[in-house]
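What follows draws every value from the coordinates through simple rules; no lab data is involved. Keep in mind that what you see is a predicted model, and the values were worked out from it rather than measured. No Cβ is skipped: glycine too gets one built from the backbone with ideal geometry, and neighbour counts run over all protein chains shown.
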């Protein structure tokens, strides 16, 4: 994991980011990147999370690290996870009130998995992923 940390740190330094930090969480599967670049960075964080995640997984495979490695930049992913879980719960409540299906917006595989996992324990709704590629989304359905 240290090799991935060093690679990301070097990449961010070469990219001209001011004093970025790259830390690993205690479990060792998540890298936490923090940088103070001002307001402009907020627009680019989703893309930066995806791109740095790709680099981290590629370096990890080359280093023989098995399993997924997640990258979070300025807590974006953590905040997004909270938002997705809240959206899933709200969709389940809406399904129960309307007795109809609720289609969530398109999400990446990780976010769809969060929805499926969050609602899997509920006996009153079921989830299903539909669509292709960037348009793939989750539909929450009532169990009749």
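The long axis of helix 41-62 is offset from the longest Cα principal axis of the chain by roughly 70 degrees. Here the translational diffusion coefficient of segment 1-124 follows from Stokes-Einstein with Rh set to the Kirkwood radius across Cα pairs; for 20 °C and 1.002 mPa s it amounts to 132 µm²/s.
In whole percent, what relative contact order does segment 2-74 give with Cα contacts below 8 Å and a gap of six or more residues? It comes to 35 percent, rounded to a whole number. Here the sum of -39500 (n - 2.57) over DSSP H runs of 4 or more residues, divided by the residues of the chain, equals -16000 deg cm²/dmol at 222 nm, to the nearest 500. DSSP beta bridges fully contained in segment 2-74 are about 50 percent antiparallel.
Springs between Cα atoms under 10 Å define the GNM used for the chain, and in it the highest mean-square fluctuation of 27, 19, 128 occurs at 27.
Treating each Cα of segment 1-53 as one equal point scatterer and applying the Debye formula with no solvent, the log10 of I(q)/I(0) at q = 0.15 Å⁻¹ comes out as -0.40. Between 0 and 90 degrees, the angle of helix 109-119 with respect to the longest Cα principal axis of the chain falls at about 40 degrees.
Report relative contact order for the chain in percent, whole number only (criteria: Cα-Cα under 8 Å, sequence separation at least 6).
Result for the chain is 18 percent.
Fewest-first ordering of 121, 98, 127 by other beta carbons within 10 Å of each residue's beta carbon gives 121, 98, 127. Between 0 and 90 degrees, the angle of helix 76-98 with respect to the longest Cα principal axis of the chain falls at about 0 degrees. Anisotropy class assigned to segment 78-142 is oblate, per the alpha carbon gyration tensor with a/c at or over the 1.5 cut-off and a/b no larger than b/c.
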